[in-house]
């Protein structure tokens, strides 16, 4: 609703040291018609001057008058943007300037309400938008995504969601770090099936998107192969899902390079998987090189641990045979303790599934 105000313009004339005052009431409309905004303040443009004294002083023998403007302290406006108070700073005959609290989060298309001496004039065609988050660039390195922009909020109010091809349910990032100037944000990227993914950023219910960020291929060894005729399962993340998958290969130690299976995935899984045959061996932390497309990874795997399932005495009770798996076929690669004693040197026969040794005299039959 438009409120009509009374403007008192006082003309102070000084001529030959004599002063004459004239008061002339005028009726005006106080609604703003445009807004200018910068990082520190907001300026509203008005069609008419409001609540100001205009003083014109004529000097003796002067040919041009000088004028200046002073504020009427009784009619300082109250300015509200959306539901936030904007502190009045200054004004001219056509402008009002105010400043929002630095902690105000911002908003889109907010109404502007200016109150003069109890009379409200709400803008209709003029809407105000400020402090909107903006994403300008993004990068990925060593598992960390960095977003650059403005007005990115804080750790408590900013929300990151990841979506795209191969992501069955949008992933919300729980842990993020925002710089103090709100221009940079980082988070750890969770495992994803495809290399390309999209980011949706939300701060205080205001959302912006930055599309098609690319992550580098990553692998994860998911099993321990058996000693003999074993196979190694490797999960692949951030793979290029838009091309036909190539055949990876594996090289264990100094042994020849072997091909692995073509990576495959189901519609519900969040990774691709390949299977690579491993040479006969035992032990842990075996070095290998895995190659896929233009990528090459150096990593380690460990053979499956020995498993004991049963024992059996010979008929004369002098020998004991241990049954199980992953024993290997060389006594130089294993160590066997029995009843607290190292009996590796007493082993008479050995294969991957059983070994036999002479019973110690100290071992009591049950």
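The values are calculated or read from the model by the stated rules, or taken from the named source; none is laboratory data. These numbers come from a predicted model, not from an experiment. Note: ideal-geometry Cβ built from the backbone for every residue, glycine included; neighbour counts use all protein chains shown.
Give me the residue from the range 122-157 that is modelled with pLDDT under 85 and in a strand (DSSP E or B) and, out of that set, farthest from residue 238 (Cα to Cα).
Taking the candidates together, the pick is 122.
I'd like to verify a number: residues in the range 53-91 that are at negative phi, at pLDDT 80 or above and not in a strand (DSSP E or B), how many?
Residues meeting the conditions: 3.
Which residues, counting only those in the range 144-157, are surrounded by fewer than 13 Cβ atoms within 10 Å (Cβ to Cβ) and in contact with a strand residue (DSSP E or B) (Cβ under 8 Å, 6 or more places away or on another chain)?
Across the range 144-157, the qualifying residues are 144, 155.
State yes or no: is residue 256 crowded, with 17+ Cβ neighbours inside 10 Å and not in a strand (DSSP E or B)?
no
Go through (1) at pLDDT 85 or above; (2) surrounded by fewer than 13 Cβ atoms within 10 Å (Cβ to Cβ); (3) closer than 30 Å to residue 219 by Cβ one by one and return the number of the condition residue 160 breaks.
(2)
Taking the criterion of being surrounded by fewer than 19 Cβ atoms within 10 Å (Cβ to Cβ), within 17 Å of the chain's Cα centre (by Cα), without any contact (Cβ under 8 Å) to a residue 24 or more places away in the chain and farther than 30 Å from residue 303 by Cβ, would at least one residue in the range 213-236 satisfy it?
No, the range 213-236 contains no residue that is surrounded by fewer than 19 Cβ atoms within 10 Å (Cβ to Cβ), within 17 Å of the chain's Cα centre (by Cα), without any contact (Cβ under 8 Å) to a residue 24 or more places away in the chain and farther than 30 Å from residue 303 by Cβ.
Looking at the structure I just gave you, is residue 261 in contact with a strand residue (DSSP E or B) (Cβ under 6 Å, 6 or more places away or on another chain) and not in a strand (DSSP E or B)?
yes
Could you please find all residues in the range 335-353 being out of contact with any strand residue (DSSP E or B) (no Cβ under 6 Å at 6 or more places or on another chain) and at pLDDT 85 or above?
335, 336, 337, 342, 344, 345, 350, 351, 352, listed by residue number.
Can you pull out every residue in the range 237-248 that is touching a strand residue (DSSP E or B) at 6+ places or on another chain (Cβ under 6 Å) and either assigned by TED's automatic domain parsing to the domain that holds residue 324 or surrounded by fewer than 17 Cβ atoms within 10 Å (Cβ to Cβ) (or both)?
241, 247
Which residues, taken from the range 204-221, are part of a loop (DSSP other than H, G, I, E, B) and modelled with pLDDT under 90?
Listed by number, the residues that qualify are 204, 205.
Name the residue, out of 165, 148, 170, that is over 23 Å from residue 205 (Cβ atoms) and out of contact with any helix residue (DSSP H, G or I) (no Cβ under 6 Å at 6 or more places or on another chain).
Exactly one of 165, 148, 170 is over 23 Å from residue 205 (Cβ atoms) and out of contact with any helix residue (DSSP H, G or I) (no Cβ under 6 Å at 6 or more places or on another chain), namely 165.
Tell me which residues, restricted to the range 169-203, are surrounded by 15 or more Cβ atoms within 10 Å (Cβ to Cβ), in a loop (DSSP other than H, G, I, E, B) and modelled with pLDDT under 90.
Within the range 169-203, just 182 meets the criteria.
Select from the range 104-121 the residues that are under 16 Å from residue 79 (Cα atoms) and in a loop (DSSP other than H, G, I, E, B) and write down the one among them that is modelled with the highest pLDDT.
So, considering only residues that are under 16 Å from residue 79 (Cα atoms) and in a loop (DSSP other than H, G, I, E, B), the one modelled with the highest pLDDT is 111.
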